[in-house]
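S.K.: Structure below; questions to follow.
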Amino acid sequence: MSEPNAVTIRPMRAEDAAAVAQLARELTAAVEDPEPVLNASDLVRDGMGPERWFDCLVAVAAGAIVGYAMICRGYEAHIGKRRLWVGDLYVRKEARRMGVGRALMIAVARHASAQGCEAVYWDLWRFNRAGRSFYESLGAAEIGDVAIWRVSSRSLSVNNDDLPRSTATATSG
């Protein structure tokens, strides 16, 4: 018999994708981003199988998915370190303060350790004070000397004509 507040963390299954997509929409609303163009088939396509772009861990309580963590691998050649990036961490309001977020982050840390990662990184919406307090309670700290930058692939392709042409070709050896 399981405890009333028991939480199970496990990898996302294909049948979980619709619930994770709904949680992603809730996260989007919470941080006031535009609603994502996302459906369950996107998550299955991009998060399942050997060519996946991410791993997703789900938190299950009382038979329902109440949270998720979306993680991606990274590598920094200049320091020779593996890193794990948390793209999303979200817990439904009614499941907060029950240890769900902490359980997800512990699972992320175990995943990072199993992958030989030196650290786990993520971004945090600056106005998310509750999130900041939560992460600080885990011993995390903001990196003051790093700024996260973004450029859309569309912008890069539109500006492609302005870029110098390379004469180098890629070869495989």
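S.K.: With the structure loaded, tell me whether Ala14 is among the hydrophobic types (A, V, I, L, M, F, W, C), at pLDDT below 95 and surrounded by 12 or more Cβ atoms within 10 Å (Cβ to Cβ) or whether it fails that test.
M.R.: no
S.K.: Further question: Take the residues in the stretch 132-165 that are modelled with pLDDT of 85 or more and among the aliphatic types (A, V, I, L, M); name whichever of them is surrounded by the fewest Cβ atoms within 10 Å (Cβ to Cβ).
M.R.: So, considering only residues that are modelled with pLDDT of 85 or more and among the aliphatic types (A, V, I, L, M), the one surrounded by the fewest Cβ atoms within 10 Å (Cβ to Cβ) is Ala141.
S.K.: Give the residue that is surrounded by the most Cβ atoms within 10 Å (Cβ to Cβ), with candidates limited to residues of the stretch 118-131 that are in a loop (DSSP other than H, G, I, E, B) and either under 16 Å from the mean Cα position of the chain (by Cα) or small (Gly, Ala, Ser) (or both).
M.R.: Ranking the qualifying residues of the stretch 118-131, first place goes to Leu124.
S.K.: Hey, another quick one. What's the total number of residues in the stretch 69-90 that are within 19 Å of Val20 (Cα to Cα) and touching a Leu at 6+ places or on another chain (Cβ under 7 Å)?
M.R.: 5
S.K.: I've got another one for you. Out of all the residues in the stretch 8-28, which are of a type in the set (Asp, Glu) and within 22 Å of Gly99 (Cβ to Cβ)?
M.R.: Asp16, Glu26 - these are the residues of the stretch 8-28 that are of a type in the set (Asp, Glu) and within 22 Å of Gly99 (Cβ to Cβ).
S.K.: For the stretch 84-103, which residues satisfy the criterion of being farther than 11 Å from Ala69 by Cα and in contact with an Asp or Glu (Cβ under 8 Å, 6 or more places away or on another chain)?
M.R.: Matches in the stretch 84-103: Arg92 only.
S.K.: Read through the list (1) within 19 Å of Ala30 (Cα to Cα); (2) among the aromatic types (Phe, Trp, Tyr); (3) part of a strand (DSSP E or B), then give the number of the only condition that Phe134 fails.
M.R.: Of everything listed in (1) within 19 Å of Ala30 (Cα to Cα); (2) among the aromatic types (Phe, Trp, Tyr); (3) part of a strand (DSSP E or B), Phe134 misses just condition (3).
S.K.: Identify the residue in the stretch 87-117 that is free of Cβ contacts under 8 Å to residues at least 24 places away in the same chain and loosely packed, with under 13 Cβ neighbours inside 10 Å and, among all such residues, is farthest from the chain's Cα centre (by Cα).
M.R.: So, considering only residues that are free of Cβ contacts under 8 Å to residues at least 24 places away in the same chain and loosely packed, with under 13 Cβ neighbours inside 10 Å, the one farthest from the chain's Cα centre (by Cα) is Arg97.
The values are calculated or read from the model by the stated rules, or taken from the named source; none is laboratory data. Nothing here was measured: the structure is a model prediction, and the numbers come from that model. Please note: Cβ atoms are built from the backbone with ideal geometry, for glycine as well, and neighbour counts cover all protein chains shown.
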